[in-house]
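Report on the following structure.
The values are calculated or read from the model by the stated rules, or taken from the named source; none is laboratory data. All values reported here derive from a predicted model rather than from experimental measurement. Every residue, glycine as well, gets a Cβ built from its backbone with ideal geometry; the counts of neighbours run over all protein chains shown. These accessible areas exclude ligands, DNA and RNA; they are computed on the full protein's heavy atoms, side chains included. Shrake-Rupley method; radii C 1.70, N 1.55, O 1.52, S 1.80 Å.
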Amino acid sequence: MKKKILVVLFLGLFSLLVLPSFALAGGHGHKHAVKKGILLVAFGSSIPEAQISFKNIDKKTKKTFKNIPVHWAYTSKIIRKKLARQGTYLDSVATALAKMMDQGFTHVAVQSLHTIRGEEYDELVRTAHAFKSMPEGINHIVIGAPLLSTQNDMEKVVAAIIKNIPRKRKKKEAVVLMGHGTHHPANAFYAALMFNLQRQDPNIFVGTVEGSPEIGDIKAMLKEKRIKKAYLMPFMSVAGDHARNDMAGDEDDSWKSVLTKARVKCSVVLKGTAEYDNMVNIWIEHLKAAMAHF
Ligand code: CO
């Protein structure tokens, strides 16, 4: 009799000790062991020097989330094709999620490494939702917001930008940031960023390559303030094609040429935002916040 009770007690204890490590996921009677993963999603860049930004984010993510596998995807088809021709194969978001699904990931945190909530981000959200609703899909997918999403992000981004300005710049000299810009309504973030920056430092300007404000608008603003020198800095995660050519290139229509012609001396800084730890920390905080919803 006593022996039986002891055995029951032992089994009870045993199951208490062992079961928690087999936490279950999935609500359809399937018993999958929890397998967490991270998918970092960037627009991508084919410029070798720009990889420093992605390597920095990769390193910081792995350091923050130890033991959680980190996967990558690029949203730009053009970049993926270009890289493939050079023998480097990057996944799209759909391919990366399909692979993770097949590898049995039950919980995936997708972190957008984009700057604003534009078209690339919208598409990322739609793709992630598709995998969530798919039979045998990934039941738990959470998405981390891009760099500049809330007013709280705005304040952090403004503080980081001001900290990252080269020390030798004098207050009467301008800092001109180059954002990407888009036809998406989120383009308004660039002007909002300039407003928030100028409340702290009236000579910081934000223009875009493909949206508004344009370089012509910025040139007029510099002229009005009689500014003679400007530091040009990309406001994109990488110092890629746009930074090297559209901003700092020697072509007639580069920002450097346009401003130089308007008698503004230009000094270029070829560093993407993801090369600065204070910026990367904002993305990492977003990833942490997303993972809290698992
Ligand atoms: Co572009």
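The alpha-carbon atoms of the chain, seen along their principal axes, cover 97, 41, 31 angstrom, with the largest extent given first. Under 14 Å from the 7 Å Cα→Cβ point of residue 228, by amide nitrogen: which residues of the stretch 252-275? Counting backbone N atoms under 14 Å from the label point, the list is 263-266. The radius of gyration of the Cα set in the stretch 32-145, together with its Dmax, comes out at 13.8, 41 angstrom. Take the Cα of residue 86, step 7 Å toward its Cβ, do the same at residue 123, and the gap between the two points is 2.1 nm.
Of all DSSP bridge pairs formed entirely within the stretch 151-272, close to 0 percent run antiparallel. Here's the list of aspartates and glutamates a cross-link from residue 66 could span, going by alpha-carbon distance under 20 Å and ignoring same-chain residues fewer than 8 apart: 58, 277, 285. For the stretch 151-272, what does the alpha-carbon gyration tensor say about shape, rounded, prolate or oblate, given a ≥ b ≥ c as the root eigenvalues, a/c under 1.5 as rounded, and a/b over b/c as prolate? Because its axes are fairly even, with a/c under 1.5, the stretch 151-272 counts as rounded.
Pairs with C-alpha atoms separated by more than 22 Å, drawn from the list 55/271; 225/261; 81/256; 228/261, are 81/256.
Using the eigenvalues of the Cα gyration tensor, what equivalent ellipsoid semi-axes result for the stretch 87-206 when each is taken as the square root of five times the eigenvalue, whole Å, largest first? Each semi-axis is √(5λ); the values are 37, 14, 13 Å. What is the calculated FRET efficiency for residue 162 to residue 251, with r their C-beta to C-beta distance and R₀ = 22 Å, to the nearest 0.05? It comes out at approximately 0.15.
Model label sites at residue 58 and residue 277, defined 7 Å from Cα along the beta-carbon direction, differ in position by 2.0 nm. Rolling a 1.4 Å probe over the heavy atoms of the protein chains gives the chain an accessible area of 55 Å² per residue.
Of the solvent-accessible surface of the chain, computed with a 1.4 Å probe and all protein chains present, 57% belongs to carbon and sulfur. For the stretch 151-272, the relative contact order is 25 percent, taking Cα pairs closer than 8 Å that sit 6 or more residues apart in sequence and dividing their mean separation by the residue count.
Helix-only arithmetic for the chain: the sum of -39500 (n - 2.57) across DSSP H runs with n ≥ 4, divided by the residue total, places the mean residue ellipticity at 222 nm at -13000 deg cm²/dmol.
Between the helical axis of 93-102 and the longest alpha-carbon principal axis of the chain there is an angle of about 10 degrees. If the chain linking residue 262 and residue 33 were pulled fully straight, counting 0.36 nm for each residue of separation and taking away their Cα-Cα distance, it would gain 76.1 nm. The modelled label-to-label distance for the pair residue 212/residue 130, using points 7 Å beyond Cα in the direction of Cβ, is 3.3 nm.
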